[in-house]
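Beneath this line is the structure, given in structure tokens, with notes to follow.
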Amino acid sequence: MFPLLSEFDCDPRDLHSFPTRRSSDLDDASVHTIPDGMELVISTDASIRGVHWPEAFPLDLAADRAVCAALSDLAAMGAEACWAWVSVMAQTQDDLVELGKGVNAALSRYSVELSGGDTAYSSIDTLSITVGGLVPKGKAMRRNQAGKGDSVWVIGRSGFSARGLRQWRADMEEGYFKRYLEVIKPKLEQGVKLRELGIQCCIDVSDGLLQDASHLASDSKVGMKLELSKLPGWELLCHKVGETSAIHAAVSGGEDYALLFTAPEGMGWLDSFATQIGVCTDGIDVEVQLNGTTLEGLAAGFDHFA
């Protein structure tokens, strides 16, 4: 019923090797007590070899990235990450071991308890990851809370991971951006901080800046005007790949897992740890500008079935 932990070099009845709290017992299913005044936040992600990571990508890094991508969804809600349920489908036993190393490394790094999962043979290496966290009741940040006149902010870069993917696929041994694909750092602490400061509207940028900003705009029934030149690392990105490629990577690339959020007027001191890149406007469209000039014909972002 529960082979995952033992195959990941961890006794399923003894989680002391994980620097984490024991809030559940391993059995046929995990049992969790939710503290009074808190709500449970759950997110599920899948990660597939050749789709979410290149064929030649190290499997331990692929699994580490997959866990961190799932945890980023909790960060966007302002939740404290607590539990993970991980199922791994692998082509070989060696692949299973390498994927297990990555899973354990990520969960240990963020003190998240592995509460269940499974393993199975598959013709394609695949991970299915569910994560759970806690947030004070009624305080989770959501996509539908932006208002006209709110400022638009970002924590993290956009476009760097997309360029790293291109360099991996091109077999570039010394590609500058490869490091940004190899490691995801879910902004869990920043997400909690935003929620505690009273931010109500947030999303993580996983499918491209334009696409994810459009989710906020559509759900909140506002428009947005974004300025690319204000993005963290924009000048470096342009210097390395040129302006045209930088635009495509930043707008449509995704996979950087930045936090994109909105804030009402009077919270300008956010610039101590975030960067303002735009404003919410009338309408429902997202307008992307570069140095004040509106860019046309931009690709929205990643489409799983394109």
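The values are calculated or read from the model by the stated rules, or taken from the named source; none is laboratory data. Remember, predicted model here, so these are calculated numbers, not experimental data. For neighbour counting, all protein chains shown are included, and Cβ atoms are generated from backbone atoms with ideal geometry for every residue, glycine included. Each accessible area value is taken on the protein alone, full model and side chains, heavy atoms only, with ligands, DNA and RNA left out. Shrake-Rupley method; radii C 1.70, N 1.55, O 1.52, S 1.80 Å.
Can you tell me which residues in region 90-113 are under 16 Å from Glu55 (Cβ atoms) and surrounded by fewer than 23 Cβ atoms within 10 Å (Cβ to Cβ)?
Gln91, Thr92, Asp94, Asp95, Glu98, listed by residue number.
Considering region 157-180 alone, what residues qualify as being part of a helix (DSSP H, G or I) and open to solvent by 10 Å² or more (accessible area, probe 1.4 Å)?
Ala162, Arg163, Leu165, Arg166, Gln167, Trp168, Arg169, Lys178, Arg179, Tyr180
Residues of region 122-156 being open to solvent by 40 Å² or more (accessible area, probe 1.4 Å), farther than 25 Å from Gln276 by Cα and not in a loop (DSSP other than H, G, I, E, B), which ones?
From region 122-156, those open to solvent by 40 Å² or more (accessible area, probe 1.4 Å) are 123-124, 128, 137-139, 142-145, 148; that's our starting set.
Okay, now just the ones that are also farther than 25 Å from Gln276 by Cα, so 123-124, 128, 137-138.
Ser128 - this is the single residue of region 122-156 that is open to solvent by 40 Å² or more (accessible area, probe 1.4 Å), farther than 25 Å from Gln276 by Cα and not in a loop (DSSP other than H, G, I, E, B).
If I filter region 181-199 down to residues being of a type in the set (Lys, Arg) and open to solvent by less than 50 Å² (accessible area, probe 1.4 Å), which single residue comes out as farthest from the chain's Cα centre (by Cα)?
Selected residue: Arg195.
Kindly indicate whether Asp73 is closer than 24 Å to Ile155 by Cα and either β-branched (Val, Ile, Thr) or assigned to a helix (DSSP H, G or I) (or both).
It is true that Asp73 is closer than 24 Å to Ile155 by Cα and either β-branched (Val, Ile, Thr) or assigned to a helix (DSSP H, G or I) (or both).
Quick check on Leu61: is it within 12 Å of the chain's Cα centre (by Cα) and either part of a helix (DSSP H, G or I) or crowded, with 16+ Cβ neighbours inside 10 Å (or both)?
Working: within 12 Å of the chain's Cα centre (by Cα): no; either part of a helix (DSSP H, G or I) or crowded, with 16+ Cβ neighbours inside 10 Å (or both): yes.
No, not satisfied.
Just to be sure I understand, how many residues within region 255-280 are in contact with an Asp or Glu (Cβ under 8 Å, 6 or more places away or on another chain) and under 24 Å from Lys221 (Cβ atoms)? Explain how you work it out, then say what you get.
Narrowing region 255-280 to residues in contact with an Asp or Glu (Cβ under 8 Å, 6 or more places away or on another chain): 257-260, 262-265, 277-280.
Next cut, under 24 Å from Lys221 (Cβ atoms) only: 258-260, 262-265, 277-280.
Result for region 255-280: 11.
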